[in-house]
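Visitor: Quick one: structure below, then a few questions.
The values are calculated or read from the model by the stated rules, or taken from the named source; none is laboratory data. Quick caveat: nothing in here was measured; it's all calculated off a predicted structure. Here Cβ is always computed from backbone atoms with ideal geometry, including for glycine, and neighbour counts include all displayed protein chains.
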Amino acid sequence: MEIKIGCTGWSYDGWSGTFYPKKLEKPRWLHYYSKIFPITEINSTYYRIPDQIITKKWNLDTPDSFRFTAKFPSVITHENKLKKVKDHVYKFLSSLTPMHEKVLALVLQLPPSLTFDEAKPHLEELFSYLPTDFRYPIEGRHESWFTDEALDYLTDHNICQVWNEVQGVNNPAKITSDYVYIRLIGDRSIPESEFGKVIIDRTNQIQMWTDKIKKLKDKVNLAIIMANNHYEGYGPATANTLRIQLGLPELIWEEKKQKKLEF
């Protein structure tokens, strides 16, 4: 089983001087991030469809081996709730053309109010014209997405149900496809001004996820895990804790090296 661990985004001011060298200019952050991590989830695509000028730069800033995942725009998932969204979907897919080869998955994060029964017919229409180039994990947050009916449907269609740890969602973390996609989100109690350091130690919870991931061996071929700043306060640290617990090498960035030298 291949394991890819990264962070939900890379452009956080609180990472300057903690993850990124203090003097490193913001336009160079993704290039630096991609030398440390093999993957990232693009959160900004949820808010707006990027221009190809931007996605071309993302492609140029990262090595060939680097991979992106991206959230579907909210105009598709939240505003229109998957109804009559073909034009928006094609516009979104077109925006990713310059970085097409590096896109591993596109995440359908659905609003908590959207039930499985409401989404199902629109989901079927959506998948009828989505290209097979990417994976399309679904993060349904309404409790109906965790019923036997929903789980059977996702399994029959080899659609991954996102495993997550997020406030208000009781996710049973069932395997529904040949890969898993895990999002460690947290409860948003940590303000953005505090990003860049661990505020809430969730080592025990991360160990729980580690145990789940270890049990996936021979059951799936890929595990994608994304750490959000809201989980502990510092996505890179969360990702590193998970790596260490899984027996993977600890990632070392320049600011971490500097701190070790200071001690």
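Visitor: Quick one: which residue in Pro131, Pro111, Pro121 is at pLDDT 95 or above and in contact with a His (Cβ under 6 Å, 6 or more places away or on another chain)?
Guide: The match here is Pro111.
Visitor: Something else: Keeping to the stretch 90-128, report how many residues are more than 17 Å from Pro73 (Cβ to Cβ), touching a helix residue (DSSP H, G or I) at 6+ places or on another chain (Cβ under 8 Å) and assigned to a loop (DSSP other than H, G, I, E, B).
Guide: 1
Visitor: Can you pull out the residues in the stretch 228-252 that are out of contact with any strand residue (DSSP E or B) (no Cβ under 8 Å at 6 or more places or on another chain) and either surrounded by fewer than 19 Cβ atoms within 10 Å (Cβ to Cβ) or touching a residue at least 60 places away in the same chain (Cβ under 8 Å) (or both)?
Guide: Tyr234, Ile244, Gln245, Gly247, Pro249, Glu250, Leu251, Ile252
Visitor: A further question follows. Against the definition (within 22 Å of Tyr46 (Cα to Cα) and touching a residue at least 24 places away in the same chain (Cβ under 8 Å)), how does Tyr153 come out, yes or no?
Guide: Spelling it out, it is not the case that Tyr153 is within 22 Å of Tyr46 (Cα to Cα) and touching a residue at least 24 places away in the same chain (Cβ under 8 Å).
Visitor: In the stretch 167-179, is there at least one residue being touching a residue at least 60 places away in the same chain (Cβ under 8 Å) and more than 22 Å from Leu126 (Cβ to Cβ)?
Guide: no
Visitor: A follow-up question, please. Could you identify the single residue in Lys4, Lys56 that is closer than 24 Å to Tyr179 by Cα and touching a Pro at 6+ places or on another chain (Cβ under 6 Å)?
Guide: Lys4
Visitor: Quick test of your reading of the structure: Lys35 fulfils all but one of (1) touching a residue at least 60 places away in the same chain (Cβ under 8 Å); (2) charged (D, E, K, R); (3) within 19 Å of Lys57 (Cα to Cα); (4) surrounded by fewer than 20 Cβ atoms within 10 Å (Cβ to Cβ). Name the failing condition by number.
Guide: If we test Lys35 against (1) touching a residue at least 60 places away in the same chain (Cβ under 8 Å); (2) charged (D, E, K, R); (3) within 19 Å of Lys57 (Cα to Cα); (4) surrounded by fewer than 20 Cβ atoms within 10 Å (Cβ to Cβ), just (1) comes out false.
Visitor: A follow-up question, please. Give just the number: which of (1) in a loop (DSSP other than H, G, I, E, B); (2) more than 22 Å from Val103 (Cα to Cα) does Pro131 not satisfy?
Guide: If we test Pro131 against (1) in a loop (DSSP other than H, G, I, E, B); (2) more than 22 Å from Val103 (Cα to Cα), just (2) comes out false.
Visitor: Given Ile213, Ile206, Ile225, which one is crowded, with 17+ Cβ neighbours inside 10 Å, assigned to a helix (DSSP H, G or I), in contact (Cβ under 8 Å) with a residue 60 or more places away in the chain and touching a Leu at 6+ places or on another chain (Cβ under 7 Å)?
Guide: After ruling out the rest, the residue left standing is Ile213.
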